[in-house]
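The values are calculated or read from the model by the stated rules, or taken from the named source; none is laboratory data. None of the values given here were measured: they were computed from a predicted structure. Methodologically, a virtual Cβ is constructed for each residue, glycine included, from the backbone with ideal geometry; neighbour enumeration extends over all protein chains shown.
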Amino acid sequence: MSMSAVPEPEAAPDAAAAGATADGEGHRRLAVGLIGTGRIARTGHLPAYAAADVPVAAICGRTSAGAERLAAQWSGPGRPRLYTSAVELAADPAVELIDVATRPTGRLELIRALLPAGKPLLVQKPLAYTLAEAELIVAEAEGAGVPLAVNHNLRWSPPQRLLTQWLDDGLLGDLVHLAHVHHFSEDLTAWYTDHPGYLFLDHGLHYLDMVRWYARRPVLEVTARAAFTPGQRARCPLSYTIMLKFDGPLVASLTLHNATCSQGAWASNLWVNGTRGDAHLTYDSAGLMLPDHEPAVVQPPGEWVPDGIAGAYTAFVDALARGTRPPHEGRDHLRSLALAEAAWESSRHDGAWMPVPAVTGSSVAAATLASADAAHVPAISSAVGTTPKGRL
């Protein structure tokens, strides 16, 4: 059969339409107050909001100079007001949603200070470096009635959006195997690589959350091995291999090598195999293989950063407008962080199998991916099978 027989996703909205739902119902973009002026705010959050035409009403930095430098890069609508006090930013009547892009350390105190303003919080992952502290944050936000979502932006990277749509459409059937291999390099001295659990609790949290997002079922146990590279500068391990245990036939593994010798070795490969079909994702492509169909590969427009960050914002705003829980709500994040913490603990005990702590309460993503339907995950590809890739 021809490639045209493979089901095609809908046409993608352009970046300026990021504030509208996929069904065409427009929701007003909420003006953002951005707290944090570091690398991710500079390279991810600000470009995402500018491209999506999201107003940034205010920016808060630890110093006025830092806030001024970031504001000078703003190319979107309006001119942000500048603060060195997060509480003062939260009190600004022009700020409708607060984006917390600070380091995980000190998050509990920061969010406690923001809660009295009553404004929705979109917080960078992880919420905290320990599950216990993150649970406190989520519980206090829930107690205050303040919506809180966590910026699990990989869920909304362009290839991931396609895979989400294919799974929601049932094209792969029941998942039986998932394997992720990621090569990158962060062998450097920085505040994040100084944390001994960085590979699991921060960088690797993207991929553990991704497995949960697609598995649609809880992880029961985890085993992990981690290693330091001889002569490395980072204070955390730079390689891990993880295996996950589910209730059922699904087998899942993850490998991250974060110390390649050159950028030429940077690569990301995700295989997802089901009872009806197979999918293969890279940094910039998504392939779908179905019985009696020719393999189809598409390279959707956009990049993980900043497009994934815009997607996390849009999903949150859509949920607020609909009065529903966002798929990346704080309590769902706790399940990913519990998995990451258990994996890190296993790596420090010679790969012993560790139970993943149960997180009580509601969970949007744990139910089905359909709960994050087209309203949260707009299709982003033009047509499956039109762009062959040589390096799948």
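Some observations on this one:
- None of Val297, Val305 is surrounded by fewer than 23 Cβ atoms within 10 Å (Cβ to Cβ) and under 11 Å from the mean Cα position of the chain (by Cα) except Val305.
- Note on the stretch 30-49: residues that are assigned to a helix (DSSP H, G or I), farther than 23 Å from Thr105 by Cβ and in contact with a strand residue (DSSP E or B) (Cβ under 8 Å, 6 or more places away or on another chain) total 1.
- Evaluating His376 against the criteria (1) surrounded by fewer than 23 Cβ atoms within 10 Å (Cβ to Cβ); (2) within 23 Å of the chain's Cα centre (by Cα); (3) modelled with pLDDT under 95 leaves one unmet condition, (1).
- The set of residues in the stretch 214-245 being touching a Pro at 6+ places or on another chain (Cβ under 8 Å), surrounded by 17 or more Cβ atoms within 10 Å (Cβ to Cβ) and farther than 15 Å from Ser347 by Cα is empty.
- Among the residues making up the stretch 33-76, those that are surrounded by 14 or more Cβ atoms within 10 Å (Cβ to Cβ), over 23 Å from Ala190 (Cβ atoms) and free of Cβ contacts under 8 Å to residues at least 40 places away in the same chain are Ala50, Asp53, Pro55, Val56, Ala57, Ala58, Ala71, Trp74, Gly76.
- Filter result for Pro249 (surrounded by fewer than 17 Cβ atoms within 10 Å (Cβ to Cβ), touching a strand residue (DSSP E or B) at 6+ places or on another chain (Cβ under 7 Å) and part of a loop (DSSP other than H, G, I, E, B)): yes
- Among the criteria (1) over 19 Å from the mean Cα position of the chain (by Cα); (2) under 27 Å from Thr360 (Cβ atoms), the one Asp209 does not fulfil is (1).
- Any hit, the stretch 328-339, residues being over 23 Å from Asn269 (Cα atoms), modelled with pLDDT of 95 or more and not in a helix (DSSP H, G or I): yes
- Test: Ala113 is under 24 Å from Thr314 (Cα atoms) and either at pLDDT 95 or above or of a type in the set (D, E, K, R) (or both): no
- Once the stretch 276-292 is narrowed to residues that are part of a loop (DSSP other than H, G, I, E, B) and closer than 23 Å to Ala265 by Cβ, the residue that is farthest from the chain's Cα centre (by Cα) is Ser285.
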